[in-house]
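The values are calculated or read from the model by the stated rules, or taken from the named source; none is laboratory data. The structure displayed is predicted, hence computed values, not measured ones. Cβ: placed from backbone, ideal geometry, glycine included. Neighbour counts: every protein chain shown. Surface accessibility is based on the protein's heavy atoms, side chains included, excluding ligands, DNA and RNA. Shrake-Rupley method; radii C 1.70, N 1.55, O 1.52, S 1.80 Å.
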Amino acid sequence: MDTVGNVVYSIEGLKFAYGTHEVIKDLSLEIHEGKITTLIGANGCGKSTLFNLMTRNLKPDAGHIYVNNKALSEIKLKDFAKQAAIVHQYNTAPPDLTVEKLVNYGRTPYHTMGLSSDREEDEKKVQWAMEITNTLKHKDKQVSQLSGGQKQRIAIAGIMAMRPSCMVLDEATAMLDPSGRREVLEAVHRLNKDEKVTVILITHHMDEAVDADRVLVMDQGQIAMDGTPKEVFSRVEELQKLELDVPQITELAWQLKQQGMPFSDGILTQEQFIHELEQILQPGGKGTEHVADSI
């Protein structure tokens, strides 16, 4: 794993239980700045609990969480909001509120704490946030006029007005259609690339993990896999045992490999699949004999 960069989140020996049911089991983890880290896992694996521990909604039974080398429990709420901003899957903004006002004032204490008492400075932050998320063109619209994807991008703009160094997205695209999901992910990747915002993306959509720098797989309260998307999604059978899917194109290449076609492990995109298929099927290629046998 490439671990270049300072540590944003450091988790040491974390434990948490609901009554007698242990959900997080002696978990240790580091998240590095400037990276997109995706957390996936089957229902009940503990990822939602881990999210709530990382965002101060729950207090661990044991272990420590540090954000930028400072104990999470010692960070003031206002300061934490600027360091690790949160995007949820639901948007509950009043439908008659305009986009500009929503971004300016926010819908949670986290947002408003990020703005100063300087009106001119606040306006600059809001303008910048809407520009970087490509939502400025909607600034005079009411929330009720927006699509699901647009609403989530507005939510991200409100968070970015605080200029946080890290953004945690908790199933932020779960309720969106494919177009809306694409809008949100494009905004997230742009923020990561252009503004170097660290992104922690909790999702059940395997294709969202394909473009991450790092994929973490949780199972039974622990990290079961940790690697690049190619490294993790090459382990198809192990993921299946954990009741997880893989991207469709990865599944297709893997199935064909089981039939004897020499595909590489960890095919993640259509472009990779087509390139390998062309190599396999070219005259005298390494896979033509398998194709001939199956006809």
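So here's what we get for this one:
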{"read-out": "Selection count, segment 17-38, where residues are open to solvent by 70 Å² or more (accessible area, probe 1.4 Å) and part of a strand (DSSP E or B)", "value": "6"}
{"read-out": "Flag if V99 is in contact with a helix residue (DSSP H, G or I) (Cβ under 7 Å, 6 or more places away or on another chain), modelled with pLDDT of 80 or more, buried (at least 20 other Cβ atoms within 10 Å of the Cβ) and closer than 28 Å to D177 by Cα", "value": "yes"}
{"read-out": "Matching option when the condition is within 16 Å of the chain's Cα centre (by Cα) and polar (S, T, N, Q), among T250, T228", "value": "T228"}
{"read-out": "Neighbours by Cβ (under 9 Å, 6+ apart or cross-chain): first from segment 44-55, closer than 17 Å to S28 by Cβ; second assigned to a helix (DSSP H, G or I) and not hydroxyl-bearing (S, T, Y)", "value": "L53/L72; M54/L72"}
{"read-out": "Cβ pairs under 8 Å, 6+ apart, first in segment 249-277 and farther than 19 Å from D207 by Cβ, second open to solvent by 40 Å² or more (accessible area, probe 1.4 Å) and modelled with pLDDT of 90 or more", "value": "K257/D265"}
{"read-out": "Residue count, segment 147-164 (criterion: assigned to a loop (DSSP other than H, G, I, E, B) and either of a type in the set (A, V, I, L, M, F, W, C) or within 18 Å of Q127 (Cα to Cα) (or both))", "value": "4"}
{"read-out": "Index of the failed condition, I86 passing every other in (1) under 16 Å from the mean Cα position of the chain (by Cα); (2) open to solvent by less than 10 Å² (accessible area, probe 1.4 Å)", "value": "(2)"}
{"read-out": "Where a residue in segment 61-73 is at pLDDT 95 or above and its partner, wherever it lies, is part of a helix (DSSP H, G or I), with Cβ under 6 Å and at least six apart", "value": "I65/L72"}
{"read-out": "Lone unmet requirement of (1) in contact with a helix residue (DSSP H, G or I) (Cβ under 9 Å, 6 or more places away or on another chain); (2) without any contact (Cβ under 8 Å) to a residue 12 or more places away in the chain; (3) not hydrophobic (A, V, I, L, M, F, W, C) for S179", "value": "(2)"}
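The rows are residues; the columns are (1) assigned to a loop (DSSP other than H, G, I, E, B); (2) open to solvent by 40 Å² or more (accessible area, probe 1.4 Å); (3) more than 25 Å from R214 (Cβ to Cβ); (4) in contact with a Leu (Cβ under 8 Å, 6 or more places away or on another chain).
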position	(1), (2), (3), (4)
L239	no, no, no, no
D245	yes, yes, no, yes
W254	no, yes, no, no
F273	no, no, no, yes
E276	no, no, no, no
